[in-house]
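Nothing in this text is a laboratory measurement; each read-out follows from the coordinates by a stated rule. Worth saying up front: this structure is predicted, and the values here are computed from it rather than measured. Cβ sites come from the backbone with ideal geometry, for glycine too, and all protein chains shown count toward neighbours.
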Amino acid sequence: MKRKSNRIWWILGGIVVLLIAGLVGAKQAGLIGQTKPTEVDFAAVKRADIIERVSASGRVQPEVEVKISPDVSGEIIGLYVAEGDSVKQGQLLVKIRPDNYESLLARARATVNSSRAQYEQSKALVSQSEARLVRAKANYERQRKLLAEKVIPTSDFEQAEADYNVAKQDVESAQANVRAAQFNIQGADASLRDANENLRKTTIYAPVNGTVSKLNIELGERVVGTSQMAGTEIMRIANLNNMEVRVNVNENDIVRVSLGDSVDIDVDSYSTTGRKFKGLVTEIANTANGLGSSTSAASASLSTDAVTEFEVRIKVLNSSYKDLLTQKGRKTSPLKPGMTASVEVITERKTKVLAIPIAAVTTRGAAQEAMNATPNQEGNNNKPEESKAAPAKKEEIKEIVFVNENGKAVQREVKTGISDFENIEIVSGLKEGDQIVSGPFIAVSKKLNSGDAIAKRDPNKNKKPEKEAEN
């Protein structure tokens, strides 16, 4: 029994010695007694080409598209084109039933003839009135001489004088009727021209060369047209050889877009082929969408959820799809009005500049500002006068990166320039070859502090086996 008891003690003693030796070795190796380093990704500061881009989406539209509406109403009795047809300027497109307008034209012509007849009749009345005036004047002169010789009574002279004055008034009245007849002729001529113009408008011709991009009517339909406002839109004619993309750009990006900027265009219809088109910025709106008047501007300013955007027009360069025309024998652009497109406007390009991954740059200072702004509840209860003290000075927000120096993360302030989807330009604060912390994002933006121990992260550490992931 005694020999067995001693053996147990020897075993326990050996275990204790092994534990002590293991703890000492772990401490010397840094496995215990020290803070575990933060596992991060590293990247080197290097020179790269950076292309700054502004992304937007919109639709393909012709540069010139004419909407055709009738000026007169009626039934379509002639439709001479179909959607997709090419047309020349002056080509007959549509004919509206002219019966009513022909009747109005005939009535206007009759009115003109009647007015001219009245004019001739008025001129004849003027001649008659002038003849009566001559006779009345001669009788008046004769009676005046006889009265002077006291041959006739005064009443005979007064009668002759009255006839003379009436004859003069008749001439003036007849001349006024002539002028009125002339005005009637002018009015009738205007009505005749109007009726003739309305009849002419029953036939619609192509105002420009192009292609019928949209046809909204069928033979036999009725259309509404007025001269004061747009009537029924019957079709659109567009020049499909000159296409553009109209996109809406956010107000934060519009200041970086300039006329003449080159553009990469990705049309959804050709996305499966990887086809890219080239373009140029040709027009930038001066006013945001929906702010055409002061009333709409005031209402838009009240809506905090509204996104302020500006329309930008981008010309699609014909040279970027020449091969498509030769391959399929097309005569017009392979782009059709209404196609959805995404664009990337190249706003600036720099070559061989210092650059790092964009995820490596973060900002610090906001947390300290929030800490200073948070009131001390206990202090406020004990010393209410402290709440009236001047607020703490706002801490400046700085752009920083973390540099790896002998396994320690060292915070360093930097000044940045342009960026693309991957890299950002470093203007100052780093030199080529510096090793910086590039991820993960949560570590760079929030967890990591200057002086923290860091170690390279194993990219395969957190990956699950494929079979386990499938289960």
| Between Glu65 and Arg193, what FRET efficiency comes out of the Förster formula 1/(1 + (r/R0)^6) with R0 = 45 Å and r the beta carbon distance, rounded to 0.05? | 0.90
| remark: Here D for the range 220-274, in µm²/s, from Stokes-Einstein with a Kirkwood Rh over Cα pairs at 20 °C and 1.002 mPa s, works out to 131 µm²/s
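Please work out how much length the chain gains when fully extended from Leu219 to Lys446, using 0.36 nm per residue of separation minus the C-alpha to C-alpha distance, in nm with one decimal. Can you show the working numbers first?
Numbers: separation 227, 0.36 × 227 = 81.72 nm, distance 6.93 nm.
Fully extending the segment from Leu219 to Lys446 adds 74.8 nm.
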| request: Return Glu52, Glu251 ranked ascending by Cβ neighbour count within 10 Å, so the fewest neighbours appear first. | output: Glu251, Glu52
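Full extension from Asn318 to Asn209: what is 0.36 nm times the residue separation minus their Cα-Cα distance, to one decimal in nm?
On the way: separation 109, 0.36 × 109 = 39.24 nm, distance 1.85 nm.
Here the answer is 37.4 nm.
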| query | Karplus couplings for the range 119-129 from phi (6.51 cos²θ - 1.76 cosθ + 1.60, θ = phi - 60°), rounded to Hz, Gly and Pro as x? | reply | 5, 5, 5, 5, 5, 5, 5, 5, 4, 5, 5
| request: Measure of size requested: the Rg and Dmax of the range 98-201, with Cα atoms as the atom set and Å as the unit; please supply both. | output: 22.8, 77
| field | Listed residue pairs exceeding 31 Å between alpha carbons, taken from Lys123/Lys145; Lys214/Lys322; Lys431/Lys456 | value | Lys123/Lys145
| field | Label-point separation, Ala82 to Ser173 (7 Å along Cα→Cβ), nm | value | 7.1 nm
| query | Each residue of the range 61-74 in order: what ³J(HN,Hα) in whole Hz does its phi give by Karplus 6.51 cos²θ - 1.76 cosθ + 1.60, θ = phi - 60°, with x for Gly and Pro? | reply | 9, x, 5, 10, 9, 9, 8, 10, 10, x, 9, 10, 9, x
| Counting alpha carbon pairs within less than 8 Å and at least 6 residues apart, what relative contact order, in whole percent, applies to the range 98-201? | 52 percent
| query | Tell me, in nm to one decimal, what length is gained between Ala180 and Val410 on full extension, where the rule is 0.36 nm per residue of separation less the Cα-Cα distance? | reply | 72.7 nm
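Run the dipole for the range 98-201 about the Cα centre, Lys and Arg Cβ at +1, Asp and Glu Cβ at -1, nothing else charged, and hand back the magnitude in debye, nearest 20.
Working: 16 positive and 15 negative charges, 44 e Å.
Charge dipole, the range 98-201, about its Cα centre: 220 debye, nearest 20.
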| Computed label-point distance, nm, for sites Lys336 and Glu283 using a 7 Å Cα→Cβ extension | 2.4 nm
| message | List residues of the range 438-458, by number, whose backbone nitrogen lies under 12 Å from a label position 7 Å along Cα→C-beta of Glu422. | response | none
